[in-house]
Amino acid sequence: MSKKTKVNALILGSGGREHALGFKLKQSKRCGKLYFAPGNGGTAALGTNLTDLPFDPVNTKNADAIDYFCRKNDVSLIVIGPEDPLCGGLADRLATPGASDRHVFGPVQAGARLEADKVFSKQLMRATSVPTADAKTFTDYEAAVNYVENRETPVVVKAAGLAKGKGVIVCDNNDEALDALKQCMVDLAFGDAGRTVIVEERLVGQEVSILALVDGRNIFVLDPTQDHKQVGEGDTGPNTGGMGAYCPTPLVNDALMSTIQSEVLVPIVDALRRDGTEFKGVLYAGLMLTAGGPKVLEFNTRFGDPECQPLMMRLKGDLIDIMIATCEGTLDEVDLGWDPRCCCCVVLASGGYPGSYEKGKTITGIEDAETDPDVKVFHAGTESGKDGAVVTAGGRVLSVCAMGDNLKDAQQKANAACEKIHFEGAFSRTDIGFRVM
Ligand code: AMP
Ligand code: GLY
């Protein structure tokens, strides 16, 4: 595709990640019309939210309807944000063989399997000697119980399939592990995703998220991020989708980054290619930095949420060029470029999250928070209410991002911005980045 052509883009998803991707795509000199399906209360300001489609756009089942929409509206770039449609094969279904005028950003199903199927992912890591926690897979409950009862060191129990980030139970002792097995395999708390479980050695160390753009062959590692998954200050309480993230993290220096590239990312991308899968899109390694070096906790095959938000705040390159180059296998021809400053993203959540919470609360103060030019508020669980008001519609409501000369500065600005935003029951963590401060 000529670099002069205007590009109409469709972004699938409704989170802070999708708002941030839209914000960055919109800055491209090539950006034509932007569509979000379904989008949220914030994306409506960047383009058109397709909220009244007669089908669910974030479902592989509806690929034909999405395809039709794209043809009718001359959409040539489709960005698939969340994991479910990728793992269901939506990218495969939307790719038009032989047509160079459509680009689908996101891996094919065989690539997304790295995220969808933890057993496959573990086997691939073993086959390629990628460092990861020792683990055993079980489909038989009694066998799993027997294994856990005879272990002396703590384990982590993981549902093998997709469980909206909730299928991982970190256990302090065998009783907790037995309870976790029962939840997964007997009570089917995660549905079919938990019929097969992985019981894994519990690792200790700092966690980092390393995201890379992969164009089938070239791997471009993005600046390192750290997210905070637990709901409470000091990383306490239950896991959530992510309560905040910052970028870059000093935990990963250039030397460690090259180790991660050569020992983790390259072997996985090469192994997939040997098996006939060209991985194109984002490969995200969730890593634990242990005393014995970095070890993989999981792979995701999409941008992390909230990691994407600080990455997009700092990315200088043209995202349309970057995404198309990823699809065309020409990443070596584009510049990413990073703002040298730090970005801290703090999630404002609904009272009760990650448990049950109420929706429909009116949100005020976003404009006030954004009067600081270093602050940007991405919407996640919001929608447009009556009279133009924005109301809450999810657990993670807003991603409040701030740039700063250093992490402390960025964190303070993000926290100050959160103070200006109000809705009933709102809460956030004030300590995002504390592990390195
Ligand atoms: P995952 O979805 O596999 O990344 O797991 C969710 C969270 O569980 C991770 O972010 C870690 O905090 C924790 N976790 C997963 N695997 C392990 C492990 N082997 N040892 C310790 N913590 C883990
Ligand atoms: N922030 C973790 C994830 O997106 O899976």
Shape of segment 232-282 from its Cα gyration tensor (a ≥ b ≥ c, root eigenvalues): rounded if a/c is under 1.5, otherwise prolate when a/b > b/c, or oblate?
-> oblate
Rounded to whole Hz, the Karplus (6.51, -1.76, 1.60) HN-Hα couplings of segment 385-401, x for glycine and proline | x, 5, 6, x, 6, 9, 10, 6, 9, x, x, 8, 8, 9, 10, 9, 10
What accessible area per residue comes out for segment 304-355, rounded to a whole number of Å², with a 1.4 Å probe?
-> 27
Note on segment 105-179: alpha-carbon gyration tensor, axes a ≥ b ≥ c; rule is a/c under 1.5 for rounded, else prolate if a/b larger than b/c, else oblate; result prolate
For segment 1-101, what relative contact order do you get, as a whole percent, if you take Cα pairs closer than 8 Å and at least 6 residues apart?
-> 31
Do any trypsin sites (Lys or Arg not before Pro) in segment 349-437 lie in a DSSP loop with no more than 14 other beta carbon atoms within 10 Å, and if so, which?
-> K359
So which of K164/K359; K118/K166; K164/K295; K182/K295 end up more than 25 Å apart by C-alpha?
-> K182/K295
Can you give me the relative contact order of segment 112-202 as a percent, contacts being Cα pairs under 8 Å and 6 or more apart?
-> 36
List the relative contact order of segment 302-437 as a percent without decimals, with contacts defined as Cα pairs under 8 Å and 6+ residues apart.
-> 29
Segment K359-V170, length gained on full extension (0.36 nm per residue, minus Cα span) | 65.1 nm
Whole-Hz Karplus ³J(HN,Hα) for segment 421-432, in order, using 6.51 cos²θ - 1.76 cosθ + 1.60 and θ = phi - 60°, x for Gly and Pro?
-> 9, 10, 7, 4, x, 4, 8, 8, 8, 9, 10, 4
In deg cm²/dmol, rounded to 500, what helix-only [θ] at 222 nm does the chain give when every DSSP H run of at least 4 residues adds -39500 (n - 2.57) and the total is split over its residues?
-> -7500 deg cm²/dmol
For segment 42-123, rounded, prolate or oblate, judged on the Cα gyration tensor with a ≥ b ≥ c (square roots of eigenvalues), a/c < 1.5 rounded, else prolate if a/b > b/c?
-> prolate
In Å and whole numbers, how far do the C-alpha atoms of segment 216-372 stretch along each principal axis, longest first?
-> 50, 37, 30
Exposed GluC sites (Glu not before Pro) absent - longest run of the chain, DSSP non-H/G/I/E/B, at most 13 other C-beta within 10 Å = 153-357
Per 5 Å bin, what percent of the C-alpha pairs of segment 94-236 does each bin hold, from zero upward?
-> 2, 8, 14, 18, 19, 15, 10, 7, 4, 2, 1, 0
Whole-percent carbon and sulfur share, accessible surface of the chain, 1.4 Å = 47
Report Rg/Rh for the chain, rounded to two decimals, where Rg is the Cα radius of gyration and Rh the Kirkwood radius.
-> 0.95
Computed over segment 204-264, Cα set: Rg, Dmax in Å | 13.5, 40
How high is the FRET efficiency from R126 to D387, r the C-beta distance, R0 56 Å, rounded to 0.05?
-> 0.45
Using the alpha-carbon centroid of each, what span in Å lies between segment 171-240 and segment 19-39?
-> 30
Given backbone amide H placed at 1.01 Å from N, residues whose amide H is under 5 Å from that of F105, ignoring those fewer than 5 places away on the same chain, are I78, V79, I80
Accessible area expressed per residue, segment 205-269, with surrounding protein chains retained (probe 1.4 Å, Å²) = 33
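The values are calculated or read from the model by the stated rules, or taken from the named source; none is laboratory data. Just so we're clear, the structure is a prediction, and the values are computed from it rather than from any experiment. Using ideal geometry, Cβ is built from the backbone for each residue, glycine included, and neighbour counts are taken over all protein chains shown. What goes into the accessible areas is simple: the full protein's heavy atoms, side chains included, and nothing from ligands, DNA or RNA. Shrake-Rupley method; radii C 1.70, N 1.55, O 1.52, S 1.80 Å.
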